[in-house]
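Heads up: the structure comes next, in structure tokens.
The values are calculated or read from the model by the stated rules, or taken from the named source; none is laboratory data. Computed from a predicted structure; not experimentally measured. Here the Cβ positions follow ideal geometry from the backbone for every residue, glycine too, while neighbour counts run over all protein chains shown.
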Amino acid sequence: MGSALLRRIVKNDINHEFDLSAFDTNTSLLNTITNELNIKEEINSKNLVKNCDIIFLAIKPQYCEAVLKNIRSELTPDKILVSIVVGLSTYYMKSILGNKARIVRTMPNTPALVGEGMTLVSWDESIDNVEKNAIIQLLSWSGKVEAMDESLMSEVTALTGSSPAYVFMLIEAMADGAVKWGINRNQAYRLAAQAVLGSAKMVLETGQHPGELKDMVCSPGGTTIEAVAALEREGLRNAIIAAMDECTKKAREIGSTNK
């Protein structure tokens, strides 16, 4: 996610409003990204924090404690830490960094790679409007940005953070069904993906209930209602809700073990 956000910022920051730096313990990956994007490569995480005003923390939860302890001496009150670490609350981070640390918690998703991401943001009360606008600008270059109460950040993981995986499985299954009936594999992927893209755009742009839009496609005695009936028989809705339940439980578990 860190490299995805970086690529979108570099691509869209045509006026060079932001000076960008990066650090990763994977030196090979770091070299590749910094050379590709022509940004500064920091020698360690402490240097990165020292030289930046806004720091994006893009790591796995299990490494967070060690990283926070390492950078806390450089994370002065004038700096902002933007976390995209799943499951870990600002309360947990401030328990390591101190109460004066200014932390913004976010939940992005992988469509950020193509500028169609959905990022939820929970604001620290110490962040002023100028700083908020700067962070929103950085995040909006990878897609949509919406505020979310931090108490729901674990719950929203299943809806935005993990949900692209469900959609990819849907596209793959649709393509498999088409291939079964003789349609070329690559063409099937393109057609299925475009159908999902177009359908999502209809929900966003028309403002109509998804059920209404579904009914518009289902002619009496037609092909689509037969497909919908089969999906209901096979438990599509229950499967998706069950998947989201399991995802939410795991996100809560990560948070509860790191309070």
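Filtering Lys46, Lys60 for residues that are modelled with pLDDT under 95 and basic (Lys, Arg) leaves a single hit, Lys60. Right, Ser21: surrounded by 12 or more Cβ atoms within 10 Å (Cβ to Cβ) and among the small types (Gly, Ala, Ser) or not? So Ser21 passes the test.
Conditions (1) farther than 21 Å from Leu20 by Cα; (2) in contact (Cβ under 8 Å) with a residue 12 or more places away in the chain; (3) over 15 Å from the mean Cα position of the chain (by Cα); (4) part of a loop (DSSP other than H, G, I, E, B), marked per residue:
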{"site": "Leu68", "(1), (2), (3), (4)": "no, yes, yes, no"}
{"site": "Glu74", "(1), (2), (3), (4)": "no, yes, yes, yes"}
{"site": "Tyr92", "(1), (2), (3), (4)": "yes, yes, yes, no"}
{"site": "Thr106", "(1), (2), (3), (4)": "no, yes, no, no"}
{"site": "Thr119", "(1), (2), (3), (4)": "no, yes, no, no"}
{"site": "Leu139", "(1), (2), (3), (4)": "no, yes, no, no"}
{"site": "Lys144", "(1), (2), (3), (4)": "yes, yes, no, no"}
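Can Gly207 be described as out of contact with any His (no Cβ under 6 Å at 6 or more places or on another chain) and not assigned by TED's automatic domain parsing to the domain that holds Ser122? Spelling it out, Gly207 is indeed out of contact with any His (no Cβ under 6 Å at 6 or more places or on another chain) and not assigned by TED's automatic domain parsing to the domain that holds Ser122. Which members of segment 207-254 meet the condition of being surrounded by 14 or more Cβ atoms within 10 Å (Cβ to Cβ), modelled with pLDDT of 95 or more and small (Gly, Ala, Ser)? Listed by number, the list holds a single entry, Ala243. Taken across segment 192-206, residues that are of a type outside the set (A, V, I, L, M, F, W, C), surrounded by fewer than 13 Cβ atoms within 10 Å (Cβ to Cβ) and either in contact (Cβ under 8 Å) with a residue 24 or more places away in the chain or not in a helix (DSSP H, G or I) (or both) do not occur at all.
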